[in-house]
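Data block below; observations after.
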Amino acid sequence: KAYVAQLKELGATATLLNAAGIVANYDTKLDFQPKNPYLRGSSLEEIVEECHREGIRVFCRTDFSRIRREVYEQHPDWAFRTTEGEIVDWEGYVSTCMNGDYQRVYMHDVLREVLTKIPFDGVFFNMGGFMVTDYDTKYYGICHCESCRRMYRERFGEELPDRMMPGHPSMLKYMAFKAQCEKEHRERVVKTVREIN
């Protein structure tokens with residue numbers, strides 16, 4: 001009630017609340033999505049209900065660009081990989097790949113759970129797309145996980161380039177690959193969300 005009163009005082013008609021992805025800010029049943037250990041006070045469900053009572057729309061903020069280190073250890077194939085096969089671990093947050101099963105399959109389980117449990121009015125996907133940097137904006141190049149390498153071979157009949165060189169034909173092919181993957185990803189997400197509401 002205090003939070004919603006503050007929103008009303010500001011004249012807000014909508015708000016964005018952290019909900020799912022790296023951590024769950026609600027009572028998740030999914031073992032690959034850790035529950036936020038710092039949650040105190042009213043539940044996310046209660047906050048959304050109170051916002052709706054006061055005519056404030058609530059958007060669900062998600063972030064599937066990274067997973068906690070302990071989740072990565074159980075699912076190493078979900079991680080972004082450098083050309084050398086290394087992961088990107090920024091203080092216990094491991095970068096994921098759009099073509100890995102976390103974003104291709106399991107994020108849809110998260111969306112189904114959170115969007116059927118809590119009546120959000122919209123969804124925001126933080127840091128979507130192919131992430132090539134960490135939180136300090138250190139550049140790692142394009143992903144070389146097994147999924148990216150396999151999909152690139154299937155579509156172009158050759159190996160992923162080791163690095164991007166402006167004007168080189170391999171860069172044009174990679175940009176086409178990236179555009180295809182992002183379009184397919186967006187279509188899968190829209191389908192899942194629309195099936196729910």
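Positive end of the charge dipole of the chain (Lys, Arg +1 and Asp, Glu -1 on Cβ, about the Cα centre): tell me which of F120, G92, T82 has its Cα farthest that way.
F120
Relative to the first principal axis of the alpha-carbon coordinates of the chain, what is the inclination of helix 44-53, with its axis defined by its Cα atoms, in degrees from 0 to 90 and to the nearest 10?
With both axes taken from Cα atoms, the answer is about 60 degrees.
Starting from the Cα of K138, move 7 Å in the Cα-to-Cβ direction to define the label point; list residues of region 76-100 whose amide nitrogen is under 15 Å from there.
The answer is 81-95.
Could you tell me how far the Cα centroid of region 162-197 sits from the Cα centroid of region 7-39, in Å?
28 Å
Over region 6-93, with every protein chain in place, what whole percent of the accessible area is carbon and sulfur at 1.4 Å, could you tell me? If you can, show how the numbers build up before the last one.
On the way: 2270 of 4920 Å².
For region 6-93, the apolar C and S fraction of the accessible surface comes to 46 percent.
Which value at 222 nm does the chain reach when only helices count, each DSSP H run of 4 or more adding -39,500 (n - 2.57), with the total divided by all residues and rounded to the nearest 500 deg cm²/dmol?
Details: 6 runs with 75 residues, N = 197.
That calculation yields -12000 deg cm²/dmol at 222 nm.
Figure the gain on full extension for R69 and L10 (residue separation times 0.36 nm, minus the Cα-Cα span) and round it to one decimal in nm.
Numbers: separation 59, 0.36 × 59 = 21.24 nm, distance 3.81 nm.
17.4 nm is the gain from fully extending R69 to L10.
Measuring with a 1.4 Å probe in the full set of protein chains, what accessible area per residue, in whole Å², belongs to the chain? If you can, show how the numbers build up before the last one.
Details: 10910 Å² over 197 residues.
Averaged over the residues of the chain, the accessible area is 55 Å².
What whole-number distance in Å separates the alpha-carbon centres of region 47-99 and region 124-154?
13 Å
With every protein chain left in place, what is the accessible area of E187 in Å² (1.4 Å probe, nearest 10)?
Taking all protein chains as shown, E187 has close to 100 Å².
May I ask you to list the residues of region 63-97 whose amide nitrogen lies under 14 Å from a point 7 Å from Cα along the Cα→beta-carbon direction of R150?
Answer for region 63-97: 76-79.
Run the 1.4 Å probe and let me know the accessible area of E86, rounded to the nearest 10 Å².
In the full protein context, E86 sits at about 110 Å².
Under a straight-distance cross-link criterion of Cα-Cα below 22 Å, which lysines are reachable from K35, leaving out those fewer than 8 residues away in the same chain?
K117
The values are calculated or read from the model by the stated rules, or taken from the named source; none is laboratory data. What you see is a predicted model, and the numbers here were worked out from it, not measured in a lab. Counting neighbours? That spans all protein chains shown, and the Cβs are built from the backbone with ideal geometry, glycine included. For accessibility, only protein heavy atoms count, side chains too; no ligands or nucleic acids. Shrake-Rupley method; radii C 1.70, N 1.55, O 1.52, S 1.80 Å.
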